[in-house]
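I have placed the structure first, in the form of C-alpha cells, so that the comments after it can refer back to it.
The values are calculated or read from the model by the stated rules, or taken from the named source; none is laboratory data. Please read all numbers here as calculations on a predicted model, not as lab measurements. Glycine gets a Cβ as well: all are built from the backbone with ideal geometry, and neighbour counts include every protein chain shown.
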Amino acid sequence: MSARAQVKNAEADFQKKISDYIKQEFTLKSYYYNDEYKAYIVKGTIIHCDEQVNVEASIKDDKLTPSYWYITDKEFKMKWRALPDITLSKDVVFSDPCYNRDDGWLITVLHNMKPGEWKVRANIDTISAWGERCNSIELVHSAFAEETSFAWAKKALLPVDSGIISVIDDLFYRREKGSIEDFESSQEAKDKFGDKCYLLSKSFCDIFRVKGESVGVVASSGVGDGEYPLHVAESSGEVIAAKIMLF
C-alpha cells in the first residue's frame, strides 16, 4: 500500500472513530501525533445548533481509542432551557450551598440586585466528552427580559466543592425561619437544606422553592469542583442580569 493510501485510510478511520465517539457526523480536517500524550490529536468539525463548530479530539495510540473531545470555538450557540421565574430581593447569595456564612470569601453575596421577578435559563447541552451537563446559568430581571445583549463584567470566582452551585435569595440561604443561628445549630435543618439542593442538582438545574415560593436556582456545576466565573450587568447601580459559566 502506498504512503498516500495509508494516510487516506488513517484519515477515514479517524473520522469514523470520532463520529462514533461523539455520536454524530464528524468531518476531519487535520491530525498530528503528540509524543507527550502518546496520542493522535484530531481536529475537525461537527454541526451544533444548526451551525458548524470546530472540535478537537484525542485518539490513544495503544488501541486507537478516542479518549476525549470538546468544542474549541470561543463563541458558539448553546441549547437553552427556560425555567420558571424566581423572586429575588436586593440581597442574593451566589455559592456552593455547602458553604456557611463563616466561610468568608468562599461565598459571594451581592447587595445590589434589582428586586422583583427574574427570568432564568440554563444551558443543558453536550459540548465535550463530559456528556450532557449544565454549562451555564443566566438570570435576567423581568424588566430587562427583552434586551438582546448586556455589558457583562466579571464580578467574582465561585468556588465549588460539592459539585453544586446555587443562586438563592439571602433570606433563604442556610436559614431556619429567617435565622442563621437557628439553622447552624440544627443538624436537621442543615441536612434538609443539603439534601434539597442535592436533589435539585440531579436534574442539572432546577428551581429552589420555600413554601411554594420560587426564591432561587440550584444546578450541578459543569464538570465538577473548581472555580467558576460570575459575570453581572448593571443599570443605575443595580444588577439586572447575572450569569455563571460552568465549562
Exercise. Go through the residues of the stretch 204-223 one by one and say whether even a single one is buried (at least 17 other Cβ atoms within 10 Å of the Cβ), more than 20 Å from the chain's Cα centre (by Cα) and not in a strand (DSSP E or B).
Key: no
Quiz prompt | Selection within the stretch 134-155 - in a strand (DSSP E or B) and either outside the structural domain of Phe208 (by TED's automatic domain parsing) or not polar (S, T, N, Q) (or both) | solution = Cys134, Ile137, Glu138, Leu139, Val140, His141, Ala153, Lys154, Lys155
Practice problem: Output the qualifying pairs, or none if there are none: Cβ atoms under 7 angstrom, residues six or more apart or on different chains, first residue in the stretch 198-215 and among the acidic types (Asp, Glu), second residue modelled with pLDDT of 95 or more. | Solution: Asp206/Leu200; Asp206/Val218; Glu213/Thr87
Exercise. Identify, from the list Arg174, Arg133, Arg121, the residue that is of a type in the set (Lys, Arg), surrounded by 13 or more Cβ atoms within 10 Å (Cβ to Cβ), in contact (Cβ under 8 Å) with a residue 60 or more places away in the chain and under 29 Å from Cys49 (Cα atoms).
Key: Arg133
Quiz item: Just checking, which of Ala219, Ala242 is hydrophobic (A, V, I, L, M, F, W, C), over 15 Å from Lys154 (Cα atoms) and in contact with a strand residue (DSSP E or B) (Cβ under 7 Å, 6 or more places away or on another chain)?
Solution: Ala219
Quiz item: Only one of (1) free of Cβ contacts under 8 Å to residues at least 12 places away in the same chain; (2) under 21 Å from His231 (Cβ atoms) fails for Ser142. Which number is that?
Solution: (1)
Quiz item: Right, Tyr37: farther than 30 Å from Val218 by Cβ, at pLDDT below 95 and either of a type in the set (Phe, Trp, Tyr) or buried (at least 18 other Cβ atoms within 10 Å of the Cβ) (or both) or not?
Solution: yes
Exercise. Name, by its number, the condition in (1) in contact (Cβ under 8 Å) with a residue 60 or more places away in the chain; (2) not in a strand (DSSP E or B) that does not hold for Tyr68.
Key: (2)
